[in-house]
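The values are calculated or read from the model by the stated rules, or taken from the named source; none is laboratory data. Computed from a prediction, not measured in an experiment: that's the story for all the values here. Counting neighbours? That spans all protein chains shown, and the Cβs are built from the backbone with ideal geometry, glycine included.
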Amino acid sequence: MLLAIDTSSFVLSCALAEKDKLVAEWTVQKRLTHSEQLIPHMDEILKDAGVDQKEITAIAAAKGPGSFTGLRIGLATAKTAAYIWEVPLIGVDTLEALVWNLVGARAFILPLLDAQRGNVYAAMYGSFDEIWQEAPAEAASIDEVVKAAASHGGPILAVGEGAEMYREKLLAEGIQVAPPHNCCARASSVAMAAFVRWEKGQIDDPLQLMPNYIRRSEAEVLWEKLHGMN
């Protein structure tokens, strides 16, 4: 039994899954305080599903990009639990997890997350008979991403909170946008991506796994400006 969590955005999501079955999932699209809510909801989903902690054989967590604070909370919790429970830990790219929301779509998938100030975190994946990464994750302006995606060729389907934010801009360039219920971050998708990695032996060291921020936080940039480092 795998326990998956996603705190990479304002959405808080936990899931219990076996390789071919979703056992339980709890997802709320509300600005909760992840630091206060995550552990109680992990306990709650185990209780509601009738699963003992000793039945958990692995833990998966979204590792970024996404909310800097949310990622730190989610990964710290997952790393601590994996260490204490002595089970494997699998970090999953947040953008890759969004692609699993649309598994079987038979299209090129453009996962988008809000990076603020007109920017997004983006990548490009193929989702046909299998899922593969076409273009690496980056932080760029939505205009740059839309231009690059429109010139890619093939059916393209955008997904994620960024796709929701810039729906009209994407549609204007012929890029389809997934329905709202598919754009939400989901721990069940983190779980599916984690199972693929687990089968390949791609597990992480709890002491080494770090958030993948892609860009520096505004606090870091401000600190460098104040100290004359740029």
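Worth pointing out:
- Residue count for the range 12-33 satisfying the condition of being out of contact with any strand residue (DSSP E or B) (no Cβ under 6 Å at 6 or more places or on another chain), within 14 Å of Ile73 (Cα to Cα) and of a type in the set (A, V, I, L, M): 0.
- Residues of the range 16-74 classified as outside any strand (DSSP E or B) and either buried (at least 17 other Cβ atoms within 10 Å of the Cβ) or polar (S, T, N, Q) (or both), total: 23
- Subset of the range 5-15 that is outside any loop (DSSP other than H, G, I, E, B) and out of contact with any His (no Cβ under 8 Å at 6 or more places or on another chain) - its residue that is surrounded by the most Cβ atoms within 10 Å (Cβ to Cβ): Asp6
- Among the residues of the range 34-49, those that are touching a strand residue (DSSP E or B) at 6+ places or on another chain (Cβ under 9 Å) and either over 20 Å from Glu86 (Cβ atoms) or outside the structural domain of Met210 (by TED's automatic domain parsing) (or both) comprise His34, Gln37, Leu38, His41, Glu44, Ile45, Asp48, Ala49.
Condition check ((1) farther than 30 Å from Trp26 by Cβ; (2) free of Cβ contacts under 8 Å to residues at least 60 places away in the same chain; (3) in the same structural domain as Ser13 (by TED's automatic domain parsing); (4) in contact with a strand residue (DSSP E or B) (Cβ under 7 Å, 6 or more places away or on another chain)) across all residues:
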{"position": "Ala123", "(1), (2), (3), (4)": "no, yes, no, yes"}
{"position": "Ser127", "(1), (2), (3), (4)": "no, yes, no, yes"}
{"position": "Glu144", "(1), (2), (3), (4)": "yes, yes, no, no"}
{"position": "Gly154", "(1), (2), (3), (4)": "yes, yes, no, yes"}
{"position": "Leu171", "(1), (2), (3), (4)": "yes, yes, no, yes"}
{"position": "Ser189", "(1), (2), (3), (4)": "no, no, yes, no"}
{"position": "Gly201", "(1), (2), (3), (4)": "no, yes, yes, no"}
{"position": "Asp204", "(1), (2), (3), (4)": "no, no, yes, yes"}
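- Any strands (runs of 3 or more DSSP E) falling wholly within the range 106-214 and containing at least 2 residues that are hydroxyl-bearing (Ser, Thr, Tyr): 119-127
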